[in-house]
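A.B. asks: Handing you this structure, nothing more for now.
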């Protein structure tokens, strides 16, 4: 639905709910109206109110192509925790109760980047810390960050950070432990 249709439906729902409530109040005063009709109109009014509430709820954000803040935080947490896994996006989509394709579109709209790019950023952040803090080889750090080949890790690191992992390590080793 487009925004105009949603605006129209929300206004109509509000007007219909108001009319139904008014009718229910008027009918409940009269003694010749059946209780069944009053009950049915009450149910209809409640259904319209529930629909309006649902449209304003967090679930309705999914059809707008974005994640709710709670879903976005949960997805980011899963993607960061599972960054070295090959199915991190699928796990995050499952946690948000969405298909993988819909999750990826919503995540991109909400976070400003694809889940894959978010995972690469998380891997690079972890790699930078491991390069500075530890004595592990670059190949071991590549495996810890989810890369099966050292050359692929080096290529991605250089593309994202701007310098090679070895140069990053030397740069920060000289800053933290000057000779």
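A.B. asks: List the number of the failed condition for residue 85; all other conditions in (1) surrounded by fewer than 15 Cβ atoms within 10 Å (Cβ to Cβ); (2) modelled with pLDDT of 90 or more; (3) over 17 Å from residue 166 (Cβ atoms) hold.
C.D. replies: Of (1) surrounded by fewer than 15 Cβ atoms within 10 Å (Cβ to Cβ); (2) modelled with pLDDT of 90 or more; (3) over 17 Å from residue 166 (Cβ atoms), only one is false for residue 85: (2).
A.B. asks: Which one of 148, 137 is under 14 Å from residue 84 (Cβ atoms), in contact with a helix residue (DSSP H, G or I) (Cβ under 9 Å, 6 or more places away or on another chain) and not assigned by TED's automatic domain parsing to the domain that holds residue 82?
C.D. replies: Working: 137 fails: under 14 Å from residue 84 (Cβ atoms).
Testing whether each residue is under 14 Å from residue 84 (Cβ atoms), in contact with a helix residue (DSSP H, G or I) (Cβ under 9 Å, 6 or more places away or on another chain) and not assigned by TED's automatic domain parsing to the domain that holds residue 82 leaves just 148.
A.B. asks: Given (1) free of Cβ contacts under 8 Å to residues at least 40 places away in the same chain; (2) under 20 Å from residue 82 (Cα atoms), where does residue 131 come up short, assuming only one miss?
C.D. replies: Here residue 131 clears every test but (1).
A.B. asks: While we're looking at this one, here's another question. Report, by residue number, each residue of the stretch 145-157 that is surrounded by 15 or more Cβ atoms within 10 Å (Cβ to Cβ) and assigned to a helix (DSSP H, G or I).
C.D. replies: As a first pass, look at the stretch 145-157 and keep what is surrounded by 15 or more Cβ atoms within 10 Å (Cβ to Cβ): 145-147, 150, 153-154, 156-157.
The answer is 150, 153, 154, 156, 157.
The values are calculated or read from the model by the stated rules, or taken from the named source; none is laboratory data. As the structure is a computational prediction, the values presented were derived from the model and not from experiment. Neighbour counts are summed over all protein chains in view; Cβ atoms, including those assigned to glycine, are modelled from backbone coordinates with ideal geometry.
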